[in-house]
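Asker: Please read through the structure below; I'll follow up with questions.
The values are calculated or read from the model by the stated rules, or taken from the named source; none is laboratory data. Being a predicted model, the structure only gives us computed values, none of them experimental. Cβ placement follows ideal geometry from the backbone for every residue including glycine, while neighbour counts extend to all protein chains displayed. Quick note on the areas: whole protein, heavy atoms, side chains included, nothing else; ligands and nucleic acids left out. Shrake-Rupley method; radii C 1.70, N 1.55, O 1.52, S 1.80 Å.
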Amino acid sequence: MTDIIIRPATEEDTETIKAMVNRERLNPLSLDWTHFLIAEIDGNIAGIGQIKLHKDCEELASLVTNPDYRGRGVASKMIAELEQRAGRPLYLRCADKMQPYYEKFGYQVVTWREAPQSLKLFGVLMRLLSIFGIRGLIMRKD
């Protein structure tokens, strides 16, 4: 199996980060390259992720694996590396279908009332979008 190399992002990675986030239709705000890690396989970008800093919490965010490298443990390694750089509790926002995946890493769903203030708007937005069958969660790892 090919090694997955995790490195800090550089300014030169900015456009790749934006493109990968946009392709997956993730939140395109707060994409500061200095908060990102890059996963590489054989010199190719296989994944990205960041710890987003909010005024009242830290969030595991913008986790994307290049489709050509899915199923190779890229996201798992990225999560482990990002978690080492973050405090606790650590939050994330995701589609409800991703709940079982993140539970494997120790994340648990929190209610809107339990969420940090900076993430509550997401909770309100998800309630509105549930009318259209779009459901999202806020999860926390202590």
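Asker: Give me the extension gain from Ile5 to Glu114: residue separation times 0.36 nm, minus the current Cα-Cα distance, reported in nm with one decimal.
Answerer: 35.7 nm
Asker: If contacts are Cα pairs under 8 angstrom and at least 6 residues apart, what is the relative contact order of the chain in percent?
Answerer: That works out to 20 percent.
Asker: Under a Cβ-Cβ cut-off of 15 Å, what is the net charge of the residues other than Gln99 that fall near it, where Lys and Arg count +1 and Asp and Glu count -1?
Answerer: Local charge sum for Gln99: +4.
Asker: Note down the accessible area of Arg85, probe 1.4 Å, to the nearest 10 Å².
Answerer: Arg85 exposes around 130 Å² with every protein chain in place.
Asker: Next question, about the same structure. Would you mind checking the tilt of helix 117-129 against the longest principal axis of the Cα atoms of the chain, expressed as 0 to 90 degrees and rounded to 10?
Answerer: 80 degrees
Asker: Also: With only alpha-carbon atoms counted, please give the Rg and Dmax of the stretch 1-90, in Å.
Answerer: 12.3, 40
Asker: In addition: How large is the convex hull of the C-alpha atoms of the stretch 42-96 per residue, in Å³?
Answerer: 97 Å³
Asker: Let me ask you something else. Placing +1 at every Lys and Arg Cβ and -1 at every Asp and Glu Cβ, with all other atoms neutral, what dipole size does the stretch 1-88 have around its Cα centre, in debye to the nearest 20?
Answerer: Roughly 300 debye, rounded to the nearest 20.
Asker: For the pairs Lys18/Lys104; Lys77/Lys97; Lys77/Lys120; Lys18/Lys55; Lys55/Lys141, flag any whose C-alpha to C-alpha distance is greater than 25 Å.
Answerer: With Cα atoms farther than 25 Å apart: Lys18/Lys104; Lys77/Lys120.
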